[in-house]
Amino acid sequence: MAEYELVVRARRAVTPDGVRPVSVAVRDGRIAALAGLGAPLDAAEVVELPGQEVLLPGLVDTHVHVNEPGRADWEGFATATQAAAAGGVTTLIDMPLNSVPPTTTVAGLRAKRAAAAPAAWVDVGFWGGAVPGSLPALAGLHEAGVFGFKAFLIDSGVPEFGFLDAAHLGAVLAETARLGALLIVHAEDPAVIAAAPGPSGRPYAGFLASRPAAAEDTAIAHLLAAARRHGARVHILHLASASALPLIAAARADGVAVSAETCPHYLTFCAEQVPDGATEYKCCPPIRDAAHRDGLWAGLAAGLIDVVVSDHSPCPPAMKQRESGDFGAAWGGISSLQLGLPAVWTQARQRGHDLADVVRWMATGPAALAGLPGKGGLAPGHDADLVAFDDEASFTVEPARLRHRHPVTPYAGQTLTGVVQRTWLRGQVTGATPAGRLLRRP
Ligand SMILES: [Zn+2]
């Protein structure tokens, strides 16, 4: 029997020590060794990547709304995880809301696991939810293996997942600090939004004005102050407002354990380009102007934003209200699980970043955020989750080729650079069977 089940030889691989030629030797689904390109290795199968392909670690997407059970007509595990594999994402962490029941109880977590187990084409873990009244459930969920807790500071959009006011937030932070758990937060301030004009009709400018950057900045300031008071670890979800970055920098300098993410759509699009009535661009917080987009890129470059994850949040096409184009009535959410890597790479290379940066934002960083040892890096001991990526090839996004349950996307027709040629999950090429595992916080 061969010493290794698989060896992948790549002239370029993004490793923790930089981009270099390596042979990745896989045993029992794990990376057993990184050897030189020509090293003699006894393997059952050898794959030699063509020169135009670079080997990356499988991406980790910590912000995915799968919606099953309960709203599987929005998205389900089989479709979401196949889209993930096609996009080079080998691990996803599912959000606790939009499914019914939400993951706010251990029973809810069990229902999620039962739905995911037979249908996971990549590895799947779960966030728990912190909602009013759920405080007593947090310890049990933590014990049951959720990776942390998600909370909203504003209406979540679904009635079964309430939001935390200041008093609830303080109580939840005290509990997550006691548990040593991470709280991940949708930070928009309801009072600022209540004082803004409501969204209605087709103008994108109207929708944007209804959810101003000040709503994010105010909510983040409150969150950081509360995290400091309780000594709690917090993560800011889907940052769209670059004006919040100085708040994050100041809190870090003051010792607050805060991390932040942004999403491919905030790094790709800007408000000036969104046509009126184009509700496929609606998400919350909204895609802001080009100055915010530039600021978010600067935040990534400065290390103030740690990770880039999809916030894949689908709904049935009718809920997008594309016929009326009414931004007030449309569901907010953009699905990009399959497109995140090329979308980010397309912009990153134009702004002087390299693939090592992209891997840090989309693989290593998210794995560290969730506390996933063995994911997000090409290193011995890690799972052999690998992506062969042609970083110079380009393609035009055709919705019909997306494996998400619903192909509605603002990326339709866009030309993106970077093609995922093949994805391996623990040393097996994805696509033959739903070989994903369910992950628990270690
Ligand atoms: Zn989300």
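Derivation of every value follows stated rules applied to the coordinates shown; laboratory data play no part. Everything numeric here is computed off the predicted structure, so don't read it as measured data. Note that each Cβ is placed from the backbone with ideal geometry, even for glycine, and that neighbours are counted across all protein chains shown.
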Q: In whole Å, largest first, what are the principal axis extents of the Cα atoms in segment 93-214?
A: 43, 35, 21
Q) How much FRET efficiency would the formula 1/(1 + (r/R0)^6) give for residue 329 and residue 17, where r is the Cβ-Cβ distance and R0 is 56 Å, rounded to 0.05? A) 0.65
**Q.** Kirkwood hydrodynamic radius (C-alpha pairs) into Stokes-Einstein, segment 99-153, 4 °C and 1.567 mPa s, D in µm²/s
**A.** 113
Q. Using the alpha-carbon atoms, what tilt in degrees (0 to 90, nearest 10) does helix 290-301 show relative to the longest principal axis of the chain?
A. 50
Q. What number in nm² do you get for segment 45-161 if you take the convex hull of its Cα atoms and divide its surface by four?
A. 9.2
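Need one number: the % of Cα-Cα pairs in segment 1-102 sitting beyond the 16 Å mark.
65
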**Q.** Rg over Rh [alpha-carbon atoms, Kirkwood Rh] for segment 154-226
**A.** 1.05
Q: Can you quote the Å³ per residue value for the convex hull of the Cα atoms in segment 226-336, rounded to an integer?
A: 105
(Q) For the chain, set up a GNM with springs between Cα atoms under 10 Å and report which of 211, 426, 178 has the largest fluctuation. (A) 178
**Q.** Computed P(r) (all Cα pairs; the chain; 20 Å bins; percent)
**A.** 27, 59, 13, 0
Q | Ratio Rg/Rh, restricted to segment 340-440 and using Cα atoms, in which Rh is the Kirkwood radius | A | 0.98
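Over segment 57-133, calculate the relative contact order: mean separation of alpha carbon pairs under 8 Å at least 6 apart, over the residue count, as a percent. Mind dumping the intermediate values first?
Numbers: 141 pairs, mean separation 27.5, N = 77.
Reported relative contact order: 36 percent.
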Q: Specify the inter-centroid distance of segment 61-82 and segment 88-125, based on alpha-carbon positions, in whole Å.
A: 8
Q: Give, as a single signed number, the net charge of other residues whose beta carbon lies under 15 Å from the beta carbon of residue 317, with Lys and Arg counted +1 and Asp and Glu -1.
A: 0
Q | In degrees, nearest ten, helix 213-230 long axis to first principal axis of the chain (Cα) | A | 80
Q: Just subtract the alpha-carbon distance of residue 166 and residue 322 from 0.36 nm times their residue separation and send over the number in nm, one decimal.
A: 52.6 nm
Q) Size of segment 1-58 along its principal axes in angstrom, Cα-based, largest extent first? A) 31, 20, 18
Q.
With just the Cα atoms defining each centre, how far is segment 368-442 from segment 231-291? Give it in Å.
A. 23
Q.
I want to check the label-to-label distance for residue 301 and residue 158. Put each point 7 Å from Cα in the C-beta direction and report it in nm to one decimal.
A. 3.9
Q) Which percentage, to the nearest 5, of the DSSP beta bridges contained in the chain is antiparallel? A) 50
**Q.** Principal-axis tilt of helix 166-179 within the chain, Cα atoms, nearest 10 degrees
**A.** 30
